[in-house]
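Structure first, then comments.
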Amino acid sequence: MSVRGLRVIEIINKIADDIEKNKMYLTELDAAIGDGDHGLNMSKGFLAVKEKLKDDDGNNIGDILKKTGMALVSNVGGASGPLYGTAFMKAAMVVNGKKEIEIEDFKQVLEAALEGIKIRGKAKLNEKTIIDALEPAVEALKNALDNGSNAEEALKKAVNAAETGVEHTKDIIATKGRASYLGERSIGHQDPGAASCLLILKTIYNEISC
Amino acid sequence: MVGLVIVSHSQKIAEGAKELASQMAADVPIAAAGGTRDGRIGTDIDKILACINEVYSEDGVLVIYDLGSAYMNAEMALEFLDDNKKEKVHITDSAIIEGTVLAAIQCSMKKSILEIKEELEEVKIQKT
């Protein structure tokens, strides 16, 4: 399975569409424990991403991911801007110059994205953040590939792990971000950032498996 | 003279903090980076960068912010500065209003950025 640059752009556009469709859902999640703008912010960001990738020739996947990150950083407005922005920009560095990528490259992309988010947000697992979806997904993808799974199976396992991770955020007290001001009141609600991260991973899986 | 940049999710808070501080230190370069460029609540890396450049001098710039993601965007803005500018721009985690007023007074007294940061320890709060 190799994915060419133009296909990467198609997948990112699909992510933008899915974010748009789930704008209200993400905003509702955020309204429960945050400032209620996650859906709107992500939608604004990914609309800008679409615009920025419109004329890209797809010849450098690193460039595509970098443009995506820059557009998110400049247009989101909330914490997800610098977090997802950093994730895409860090990911861009590991595939810079590539015209097509394999699942092994994608593994490195996700690893770099996770690393970027951890550094930017000074956060770790179990703090009710994006990391609670992304880190289990990265681990599951790595294990699956090490055990001989193909790309589709490995991505499916990553999505499942992220889903479990999102569910788990309901049991955690938020200690990072706006939700941390709520303390115990944040229990029982899932983290909107983890939810949007799952959404992105699901879109990638759906696009690769179809 | 050290310049100040106030980064807030709200344009009104950033403008208000600037207004308050300017009353006591009229000659200090202060720039308000509040809200997003399309008028939403949030922080905007391009606005922050423009504000840093607006008040920048060799004496340096102190960035004061309100809540978590403002810090992340301020930090990213710094990463986009040239290396020689970058080392003269510092982010401080003081209470936004108290910090801005105190810093502005210290700036007007022509203190160095390190001296001002030390004074600001007094109004430091746990932010990230």
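Our summary gives chain A a relative contact order of 21 percent, counting only alpha carbon pairs under 8 angstrom and 6 or more residues apart. Counting neighbouring beta carbons within 10 Å and listing from fewest to most, the residues B:Tyr65, B:Tyr56 come out as B:Tyr56, B:Tyr65. The helix-only estimate of mean residue ellipticity at 222 nm for chain A, built from DSSP H runs of length n ≥ 4 each weighted as -39500 (n - 2.57), is -23000 deg cm²/dmol after division by the residue total. Ranked by how many other Cβ atoms sit within 10 Å of their own Cβ, fewest first, the residues A:His38, A:His189 fall in the order A:His189, A:His38. In terms of packing, defined here as the mean over residues of other Cβ atoms within 10 angstrom, the peptides B:8-16, A:101-109 line up highest first as B:8-16, A:101-109. Couplings 3J(HN,Hα) for region A:14-21, derived from phi with the Karplus relation 6.51 cos²θ - 1.76 cosθ + 1.60 (θ = phi - 60°), are 5, 4, 4, 5, 5, 5, 4, 4 Hz, where x marks Gly and Pro. Between the C-alpha center of region A:1-79 and that of region A:150-181 there is a gap of 19 Å. Cβ crowding within 10 Å, taken as a proxy for footprinting-reagent exposure, orders A:Lys124, A:Lys44, B:Lys117 from fewest neighbours to most as A:Lys124, B:Lys117, A:Lys44. Farthest toward the positive end of the dipole of region A:11-132, out of A:Leu47, A:Ile15, A:Ile131, is the Cα of A:Ile131, where the dipole comes from beta carbon charges about the Cα centre.
Remark on A:Glu100: its backbone amide H falls under 5 Å from none of the residues 5 or more positions apart or on other chains, H modelled at 1.01 Å from N. Length gained on full extension, A:Asp55 to A:Glu100, computed as 0.36 nm times the residue gap minus the Cα-Cα distance: 14.4 nm. The distance between label points at A:Leu125 and B:Ala26 comes to 5.9 nm (points 7 Å beyond Cα on the Cα→Cβ vector). Sequentially through region B:4-10, phi angles give Karplus couplings (6.51, -1.76, 1.60; θ = phi - 60°) of 10, 10, 9, 10, 10, 5, 10 Hz, Gly and Pro residues having no value and appearing as x. A straight chain from A:Asn143 to A:Lys14 at 0.36 nm per residue would run longer than the Cα-Cα distance by 43.8 nm. Under 5 Å between amide hydrogens, built in the peptide plane, is the criterion, and for B:Ser10 it picks out B:Gly35, B:Gly42 among residues at least 5 positions away or on other chains.
Since every read-out is calculated from the coordinates, none of them should be taken as a lab result. In this text, all values refer to a predicted model and were calculated from it rather than measured experimentally. A quick note on method: Cβ atoms are made from the backbone with ideal geometry, for glycine too, and the neighbour counts reach across all protein chains shown.
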